[in-house]
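Data block below; observations after.
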Amino acid sequence: MPKFVELWVYLSATPLFGLTATLVVYVLAQAVYARLSQASWANPVLWSVLALASLLTVTGVDYPTYFSGAQFIHFLLGPAVVALAWPLWDRRFELLARWRALLLAALVGGIAASGSAMALGWAVGLPAEVVLSLAPKSVTAPVAMGIADKIGGIPALAAVFAVVTGMVGALSGKFLFGLLGIGSDRAGWIAQGFALGTAAHGIGAARALQVNADAGAYAGLALGLQVLLASLLIPLLFRLF
Amino acid sequence: MLALRGLAWLLTMQSLGELLSRGLALPFPGPVLGMLLLLVGLRLPLVRAPVAACAGFLLSHLSLLFVPVGVGVMTHLGLLGQYGLRMLAVIVLSTWIGLVVTALVLRSFKSAPDA
């Protein structure tokens, strides 16, 4: 038994642990999600995060040790943002034909999400640096961290807000679009996907991609647009005011 | 091999984007500039086929990439204990507002339903 404890202490301190745990837990969560016919509440990111946070708490492994392994997965967020050029290129003619509507929806939707988050956060009395960390919450995590850093927020907190935002979008999108009466014809899927990519970035887009190809493509586009608009406009607006 | 060449292109564009972002002090983060550069680069068949192979794989597993950051929630338990419910309420409401506003604006452009 002491031998086992010793081995565990060794393994849990190596990067191998964080990387393996992340991948294995996610693969399991994904399998459960598929088994439950992709029910919104079974979202694999949500359950992976909860399972891993519990695992780390129970085993006493601290977050930096975990991250020394998980960073290899985290690192791929950068190339994934670059890869968003592909869905844009793939649908370039369609997008160019409707660029006015899409740009306006991205701009208004993005401002509504970010502005309402900051206004509500301020109204319920959150500390200033927390309110600032809410500003970039609709953009994908690595970009949100960069923006938060520029405007005086807390980058790590901004990343968490972005992930929670993504999960909220992925979890409640179906219900919300049902209420609005946005149907499952092609125009409906496009509106759903674009809204998910705008307000719930990569996690919303992943959800959109699973339910419908048109929704997925427009979510990818919206996510790319939101990254561009937010990284240009949020720091600019904060410099002005 | 094709996908590996695709990854090499993605990383090259990201690196160039990073250089531009820091070198010229541009407001866009490196990966965003990398995305714009790649959008131009995709005109070349040499870039297109490998990137298609790699981007498809990477983007279809996008949600996995958010897990490590998400687990970081546990490092903010202090803030969460104090403001957790309020922060959650703010995030939920503002996300709903964002989703509804975006979908409605796009829906109001009914002029091109089949575009």
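Laboratory data are not the source of any read-out in this text; all were calculated from the coordinates shown. This one's a predicted model, so the numbers in the text were calculated from it and none came from an experiment. A quick note on method: Cβ atoms are made from the backbone with ideal geometry, for glycine too, and the neighbour counts reach across all protein chains shown.
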Based only on the alpha carbon positions, what is the Kirkwood hydrodynamic radius of region B:1-64, in angstrom? 12.0
Cα-based Rg of region A:1-75 per 2.2 N^0.38 Å, rounded to two decimals? 1.22
To test your reading of the geometry: what angle, between 0 and 90 degrees and rounded to tens, separates the Cα axis of helix A:155-180 from the longest principal axis of chain A? 60
What order, most packed first, do the peptides B:44-53, A:152-161 have when packing is the mean number of other Cβ atoms within 10 Å of each residue? A:152-161, B:44-53
Between 0 and 90 degrees, rounded to the nearest ten: what's the tilt of helix A:44-59 against the longest Cα principal axis of chain A? 30
Pairwise centroid distance, computed over Cα atoms, of region B:1-53 with region B:82-103, Å: 33
Amide H to amide H under 5 Å from A:T140: which residues, 5+ apart in sequence or cross-chain, H placed 1.01 Å off N in plane? A:G202
Shielding by partners - mean other protein chain Cβ count within 10 Å, residues of A:122-130: 3
Per residue of A:101-114, other chain Cβ atoms within 10 Å number on average 5
Nearest-ten-degree value, helix B:30-41 long axis tilted from longest Cα axis of chain B: 40
Label-point separation in nm, B:A8 to A:R92, each point 7 Å along Cα→Cβ: 2.3
Please state, to two decimals, what the Cα-based radius of gyration of the protein assembly as shown comes to when divided by 2.2 N^0.38 Å (N = residues). 0.96
Could you work out, residue by residue across B:32-43, how many beta carbons of other chains sit within 10 Å of that residue's beta carbon, and then give the average as an integer? 6
Return, for the Cα atoms of chain B, the radius of gyration and Dmax in Å, separated by a comma. 19.6, 54
Where the centre of each part is set by its Cα atoms, how far does region A:73-106 sit from region A:1-47, in angstrom? 31
Using Cα-Cα distances under 8 Å and only pairs 6 or more residues apart, what relative contact order does chain A have, in percent? 17
Please compute the Kirkwood hydrodynamic radius over region A:76-241, one decimal place, Å, based on all pairs of different Cα atoms. 15.7
